[in-house]
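K.L.:
Have a look at this one before I ask anything.
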Amino acid sequence: MVNTRKHFPVLSQYVYANTASAGLLNDDLMEWRQEHDMDYLIGGSNFRNKVAEKLIGETRETVAGFFGAKKENTALVQNFTLGLNMLLEGLDKKERVLLVKDDYPSVNWPFEYRGFPLSYVALSENLEADILHKLKSEDISVLALSLVQWTNGFKINMKFLSKIKEEFPNLKIIADGTQYCGTCDFDFESSPIDVLGASAYKWLLSGYGNGFMLFKDGVQDMFSVKTIGFNGSGHDLGARDKLSFARHFEPGHLDTLTFGSMKFSLDYLTKLGKGAIEGRLQTLSRYAMEGFGGLGLLSDDIVKRKEHSTIFNIQGNDALFQELTEYGVICSQRGKGIRLSFHFYNNEGDIDEVLRILKTAL
C-alpha cells in the first residue's frame, strides 16, 4: 500500500484526511478520462455508438462482481440519493420504517418527506440493542440506515444485522453504503441486506456522478417502482412492459465518462486486493483510535465500540479547524467537531502529523 501514494498527487502537498467527503482521483484514472474525452471529441456520436453499450454493460458486470451481487439485480445510478428516492416511490406508505436519528439526511429525508410512519433509535454505543428492542416492541417492516455514519464513523455490526434478519425474516433492510463500500471485502448476496445503494465518489475513488443499487431476489415484490425510460429497455420499443426491476433505475442515458471511471476504479481496487485494503484500514483505525483517544478527543460512544471505521470526529472548535487547515490538513467540520477520515493511501505518518498539530494547539 505504501507505493500507492505516488498515484495520488494531492498527498504530496497535503495531509489528506477527507475521504469521507471526497475520495481522491489517481493519475492513471485521470489519464483514462482524458483519453475517453479525446476519443469523444474526435469521434462524436460514432464514439458513443461504438463504446456506450459495451462499456456500460461491463461496468454493471464489474460492480456486481466486486460486491458479490447478481448482475441482473444491479442498477447503475448517478448517486445513492437518486436511487433511494426512485425506490421509495414504489413503497406502500403504510410500511412502518425504523431510522437512526441524525443519520445522513439523504437516508432519512426521503422517508420523512413521504410521510411514512416512522420510529427512531438514537446513535449511541447501544445502537444494536436499541434496534432490537424496537423490532420486538413495534411492528417494523423496514430498517433503513447507513452502514457507517457520516458524522463520526460509527460502524454498524454486520453480524448483528444477520442476527435480526434471522429473527425477523420479513424485515427489509435498506442500507446506504456510501461511507462503507470500498473499505472492506463485502459480499452482498451472503449479507443480510436486501437493498444496498452507494455513491462511488468517496471510498471507491470514482469521481462524481456514479453509483449503484443492489437488490436481492424478491425485493420487487415489496416495491412497485414507476420510473421508466427508453434506456432501461435496451432501446427496444417492444420491451416497455418487460423491464427487469433493476432496469427501472436506469431510465435515461448513462454517461460513459462517469460510469467508465467507476469501472476503472473498481478494477484498480481489485488489483490492490479488497482484503489487503480492509486490513490496512483496520490498522489505521486502531492507530488513530489510540492517538485521538489518548488525547481525550473522542466520545465514549466511539471509544467503547469494538469495531470502528477510519472516520473520526474529534472535539474541536473553529479555531482548531483553522489551525489544522493552515498546517495543510484537509478535513471537514461536521456536527460539533472536526471530522478526519483516512483511506489506504494514508499512513501512520499522516496521523502522527495531525496528532502533532493537535498536541501543540490544545
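K.L.:
Per-residue counts of other Cβ atoms within 10 Å, averaged by peptide: what ranking do you get for 80-93, 4-17, 339-352, 228-241, highest first? Intermediate results must be reported in sequence, preceding the final value.
P.N.:
On the way: 80-93: 18.6, 4-17: 16.4, 339-352: 21.7, 228-241: 12.6.
Taking the mean over residues of other Cβ atoms within 10 Å, the ranking is 339-352, 80-93, 4-17, 228-241.
K.L.:
Skip the ligands, DNA and RNA, and give the accessible area per residue of the range 203-353 with a 1.4 Å probe, whole Å².
P.N.:
Numbers: 6750 Å² over 151 residues.
Value returned for the range 203-353: 45 Å² of accessible area per residue.
K.L.:
Roughly how many percent of the accessible protein surface of the range 7-47 is carbon and sulfur, given a 1.4 Å probe and a whole-percent answer? Before the final figure, lay out each step's value.
P.N.:
Details: 1150 of 2260 Å².
Ligands and nucleic acids excluded, carbon and sulfur give 51 percent.
K.L.:
So which of 163/263; 71/202; 94/304 end up more than 28 Å apart by C-alpha? Don't skip to the end; give the middle numbers.
P.N.:
Values: 163/263 33 Å; 71/202 23 Å; 94/304 37 Å.
Cα-Cα > 28 Å for 163/263; 94/304; rest within.
K.L.:
Probe radius 1.4 Å, ligands and nucleic acids ignored: give me the carbon and sulfur share of the accessible area of the range 138-178 as a rounded percent. Each step should come with its number before you reach the end.
P.N.:
Details: 730 of 1480 Å².
Exposed carbon and sulfur together represent 49 percent of the surface.
K.L.:
Which FRET efficiency value, to the nearest 0.05, do you get for residue 54 and residue 208 by plugging their Cβ-Cβ distance into 1/(1 + (r/R0)^6) with R0 = 22 Å?
P.N.:
Numbers: r = 23 Å, r/R0 = 1.05.
Computed FRET efficiency for residue 54 and residue 208: 0.45.
K.L.:
How would you rank 156-165, 254-263, 186-195, highest first, on the average number of other Cβ atoms within 10 Å across their residues? Write out the running numbers ahead of the final one.
P.N.:
Details: 156-165: 16.1, 254-263: 21.5, 186-195: 18.2.
Order by mean packing, descending: 254-263, 186-195, 156-165.
K.L.:
Continuing with this model, one more query. Given that compact globular proteins tend to follow 2.2 N^0.38 Å, what is the ratio of the alpha-carbon Rg of the chain to that value? Intermediate values should be presented prior to the final figure.
P.N.:
Values: Rg = 21.0 Å, N = 362, 2.2 N^0.38 = 20.6 Å.
Normalised Rg, Cα atoms only: 1.02.
K.L.:
With labels modelled as points extended 7 Å from the Cα through the Cβ direction, what inter-label distance (nm, one decimal) is found for residue 14 paired with residue 85?
P.N.:
Calculated label separation equals 2.8 nm.
K.L.:
Find which of 63, 30, 47 sits farthest along the positive direction of the dipole of the range 15-73, computed with +1 on the beta-carbon of Lys and Arg, -1 on that of Asp and Glu, about the Cα centre.
P.N.:
63
K.L.:
Under a Cβ-only charge scheme (Lys and Arg +1, Asp and Glu -1), can you give me the dipole magnitude of the chain about the Cα centre, in debye to the nearest 20? Working shown, then result.
P.N.:
Values: 40 positive and 47 negative charges, 59 e Å.
I would put it at about 280 debye.
K.L.:
Then there's this: Test of understanding: what is the full-extension gain from residue 221 to residue 7, defined as 0.36 nm times their sequence separation minus their Cα-Cα distance? Mind showing how you got there, number by number?
P.N.:
Working: separation 214, 0.36 × 214 = 77.04 nm, distance 4.49 nm.
Gain on extension, residue 221 to residue 7, equals 72.6 nm.
K.L.:
Suppose each label sits 7 Å from its Cα in the direction of the beta carbon; what would the residue 290-residue 305 distance come out to in nanometres?
P.N.:
Label at residue 290, label at residue 305, 2.0 nm between them.
K.L.:
Mind checking which helices in the chain clear 18 Å along their axis (Cα) and have mean Kyte-Doolittle hydropathy of -1.0 or more, DSSP H runs only? Provide the component values of the computation, followed by the final result.
P.N.:
Details: long enough: 27-43 (24 Å, -1.11); 45-67 (32 Å, -0.37); 256-272 (24 Å, 0.35); 274-294 (30 Å, -0.37); 348-361 (20 Å, -0.06).
Membrane-span-like by this criterion, though nothing is claimed about a membrane: 45-67, 256-272, 274-294, 348-361.
K.L.:
Given points 7 Å out from each Cα along the Cα-Cβ axis, report the residue 315 to residue 163 separation in nanometres with one decimal.
P.N.:
3.1 nm
The values are calculated or read from the model by the stated rules, or taken from the named source; none is laboratory data. Predicted model only: the values in this text are computed from it and were never measured. Positions of Cβ are backbone-derived with ideal geometry, glycine not excepted, and every protein chain shown enters the neighbour counts. SASA here: full protein model, heavy atoms, side chains in, ligands and nucleic acids out. Shrake-Rupley method; radii C 1.70, N 1.55, O 1.52, S 1.80 Å.
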